[in-house]
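Quick notes on the structure that follows.
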Amino acid sequence: MSKRKQYKLAIDEEFRRIVPPMPQDRLDMLRRQIRYFGCDHPIITWHRIIVYGYEEYAFCEEFQLPFTIKELEYNFRSEVINYVSKKCLYLDYLTDEWNRYCIGKFYESKKQLLIDNYPIQNQFTPQELKRPANMLTSEMCEKELADLRGIKHGTISKYGTFAGAIDTIYSKSKDIAYELLSGKFRLSHDNTILLSRLTAPEVIVVRDRIMSDGDLSILHSGTLRNHHVAKVKAETDSKYKKAPEIKQMPKYDPNAEISSLTLTIPSWISSIERTCSS
């Protein structure tokens, strides 16, 4: 445990995405508690990157309060993801989508951890460094998560696919990924996978269309998607297209002719004088 002080910590987008936002009433209560009594438990970090305790850190920053940190002694990023995804599964305010996402991240990080621990695998790999053939199965993950809700036989690998789809959607639209996790934008498992395979403009258009009228046909029709993407692009281009400038005629000046003569008369006089002298 570190000593209590004001640490400057970083935020990793993937770590942050795993941890669901706290309900507003609990967030308000936590804010009051930290404001008047300080942060009474450490913020969990890895190489000074926040792993768990984002709200606490934000409030400590707001009120300029010291806090303690607990640094995870992990070698690999996959270990951190495995740790925080399992920790979040104990929260009582997870949506079904976030629950599936955390289970999927737990499973996929377990597989990645196996690769991290045994990186080189070929015919020249020493026996003691060879990756165990049956070290990881979905059944083993199920046993580890048996005390948590929503774990059914044969679903963990499916949740891994779901988690990968959410991460892909996040890379195209952060807001839509969070809407899916929070349950504000609902799609079936298969439709979520399908959405993740679309381009960023298509993802946005499909989401807007489904949210407005519930019509899923746009998700399954490339022709419809292309039509709506082109339509949105045309509307956007039209909105921001700069109107052609209208050339303004100079303002009429009634004294312009007189002013012009005051400049030209001396020139005439000079020319006449030169002619006479010659």
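Please treat every number below as a calculation from the coordinates, not as lab data. Being a predicted model, the structure only gives us computed values, none of them experimental. We place every Cβ from the backbone using ideal geometry, glycine too, and count neighbours over all the protein chains shown.
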Evaluated at q = 0.12, 0.14, 0.15, 0.20 Å⁻¹: base-10 log I(q)/I(0), Debye formula over Cα of the range 1-73: -0.29, -0.40, -0.46, -0.83
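Work out, step by step, the length gained on full extension between Lys174 and His41: first 0.36 nm times the residue separation, then minus their alpha carbon distance; give nm to one decimal.
On the way: separation 133, 0.36 × 133 = 47.88 nm, distance 2.99 nm.
44.9 nm is the gain from fully extending Lys174 to His41.
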For Lys239, go through the lysines and keep the ones whose alpha-carbon is under 26 Å away, minus same-chain ones fewer than eight residues off. Lys172, Lys174, Lys231, Lys247
Mean separation of Cα pairs under 8 Å and 6+ residues apart, divided by the residue count of the range 1-73: what relative contact order is that in percent? 46
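Total Lys pairs in the range 32-171 closer than 12 Å by alpha-carbon, pairs eight or more apart in sequence or interchain only? Working shown, then result.
Numbers: Lys86/Lys105; Lys86/Lys110; Lys87/Lys105; Lys105/Lys158; Lys143/Lys152.
Taking the range 32-171 as the scope, the lysine pair count is 5.
If you take every residue apart from Glu179 with its C-beta less than 12 Å away from the C-beta of Glu179, what net charge results, scoring Lys and Arg +1 and Asp and Glu -1? Walk me through the numbers before you get to the answer.
Values: positive: Lys174, Lys184, Arg186, Arg207; negative: Glu97, Asp175, Asp208.
Local net charge: +1.
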Report the full-extension gain for the segment Gln127 to Lys3: residue separation times 0.36 nm, less the Cα-Cα distance, to one decimal in nm. 40.2 nm
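Tell me the net charge near Lys8. Cut-off is 13 Å between Cβ atoms, Lys8 excluded, with +1 for each Lys or Arg and -1 for each Asp or Glu. Before the final figure, lay out each step's value.
On the way: positive: Lys5, Arg48; negative: Glu61.
Local net charge: +1.
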FRET efficiency for Ile120 and Glu14, using Cβ-Cβ distance with R0 set to 25 Å, rounded to 0.05: 0.50
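Rounded to the nearest 20 debye, what is the charge dipole size of the range 149-192 about its Cα centre when +1 sits on each Lys and Arg Cβ and -1 on each Asp and Glu Cβ?
Details: 7 positive and 4 negative charges, 34 e Å.
Here the size comes out at about 160 debye.
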Which FRET efficiency, nearest 0.05, do Glu61 and Glu139 yield, Cβ-Cβ r, R0 30 Å? 0.10
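Given Cα positions, please report Rg to Rh for the range 1-125, the hydrodynamic radius being the Kirkwood one.
Details: Rg = 16.7 Å, Rh = 15.9 Å.
Result for the range 1-125 is an Rg/Rh of 1.05.
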Per principal axis, largest first, the Cα atoms of the range 198-238 extend in Å by 27, 19, 15
Ile69's amide H: which non-local residues (gap 5+, or another chain) put their own amide H closer than 5 Å, with H modeled 1.01 Å from N in plane and none for Pro or chain starts? Ser2, Ile43
Lys and Arg at +1, Asp and Glu at -1: neighbours of Tyr118 with Cβ under 15 Å from its Cβ sum to +1
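So what's the range 162-219 giving for Rg/Rh, alpha carbon basis, Kirkwood Rh from the mean inverse pair distance? If you can, show how the numbers build up before the last one.
Values: Rg = 9.9 Å, Rh = 11.0 Å.
With Rg and the Kirkwood Rh in hand, the quotient comes to 0.90.
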